[in-house]
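Please read the structure below before turning to the comments.
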Amino acid sequence: MNRLFFPSSVPSQNWMSFDKELLEKILNFPPLYTLQPNQTSRRKQLGFWRDILIYRNVFIFSVHAEIFKNPAISRTLDPKAVCELCNFLISENLGEWTTINEKFLFYRSPLVVWGEKLVYWINESGRANTVETLYSLGHEWHPQDDSITLPIELVYRICKHLEKQNKCEVLGTETAFELVGVKFFQ
């Protein structure tokens, strides 16, 4: 019986170790685009896709997103496989389906981790007991890298998570992000 194995020299879950050359090798590996029947291989495959999304700074995508296509090798991860990836990410508390255009919101880190970083930043920047807009939070708070701006949908989910912990109050609804304010408690 022939088995397909993903490259063992590439540690999944360590996306920081990706460099451009290594990423190209992974993306040009044809089995990456076919959902693997073996559960061990499938889990590693889905882990690679998670790491690729992180490396490429993807936060929101559809099942037909360009990131799942590689015209150089005539391969595409089919929508059913992308749904399986999304279910994998949900199982790791790393995302959710949105009602907006049937997109998937990829958190990159669990909301609890984002929440801790946001509360730390709010306290350090003297913004406790003030009202901030989602827009300003998304554009002024850079928790991982100054070049990354978090999508407003993710900032909203982080704030809703913090609201459940009584660390803030979200003022407004998901239907009008530009009108949403957040009051952080000290």
Checklist entry - What Rg and what Dmax come out for the chain when only alpha-carbon atoms are used, in angstroms? => result 18.4, 63
Checklist entry - When the chain is treated as a GNM, springs tying every alpha-carbon pair under 10 Å, which of 157, 43, 108 comes out with the largest mean-square fluctuation? => result 43
Checklist entry - Once the dipole of segment 15-106 is set up with Lys and Arg at +1 and Asp and Glu at -1 on Cβ about the Cα centre, which of 52, 71, 34 lies farthest towards its positive end? => result 34
Next on the checklist: Need the full-extension length gain, residue 183 to residue 20, defined as separation in residues times 0.36 nm minus the C-alpha distance. One decimal, nm.
Outcome noted: 54.6 nm
Next on the checklist: I need the phi-derived Karplus couplings for segment 87-94: 6.51 cos²θ - 1.76 cosθ + 1.60, θ = phi - 60°, integer Hz, Gly and Pro marked x.
Outcome noted: 4, 4, 5, 5, 5, 9, 6, 10
Item to check | Coordinate range along principal axes, alpha carbons of segment 15-106, Å, largest first | outcome: 35, 28, 25
Checklist outcome for this item: Relative to the chain, whose Cα atoms define the longest principal axis, helix 152-164 and its Cα axis are tilted in degrees, nearest 10, by 60 degrees
Checklist entry - Can you give the charge dipole size of segment 111-184 about its Cα centre, rounded to the nearest 20 debye, using +1 on the beta carbon of Lys and Arg and -1 on the beta carbon of Asp and Glu? => result 280 debye
Item to check | Under the Karplus curve 6.51 cos²θ - 1.76 cosθ + 1.60, θ = phi - 60°, whole-Hz ³J(HN,Hα) for segment 54-69, x wherever Gly or Pro sits | outcome: 5, 4, 8, 6, 8, 10, 10, 8, 10, 5, 10, 4, 4, 4, 8, 10
Checklist entry - Relative to the first principal axis of the alpha-carbon coordinates of the chain, what is the inclination of helix 111-124, with its axis defined by its Cα atoms, in degrees from 0 to 90 and to the nearest 10? => result 40 degrees
Next on the checklist: What's the whole-number percent of alpha carbon pairs in segment 64-171 lying beyond 17 angstrom?
Outcome noted: 60 percent
Checklist entry - For a label point 7 angstrom out from the Cα of residue 123 toward its Cβ, which stretches of segment 154-172 have the backbone nitrogen within less than 14 Å? => result 167-168
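Read-outs throughout are calculated quantities, based only on the coordinates presented, and are distinct from any laboratory measurement. Computed from a prediction, not measured in an experiment: that's the story for all the values here. When we count neighbours, we look across all protein chains shown, and the Cβ atoms used for this are built from the backbone with ideal geometry, even at glycine.
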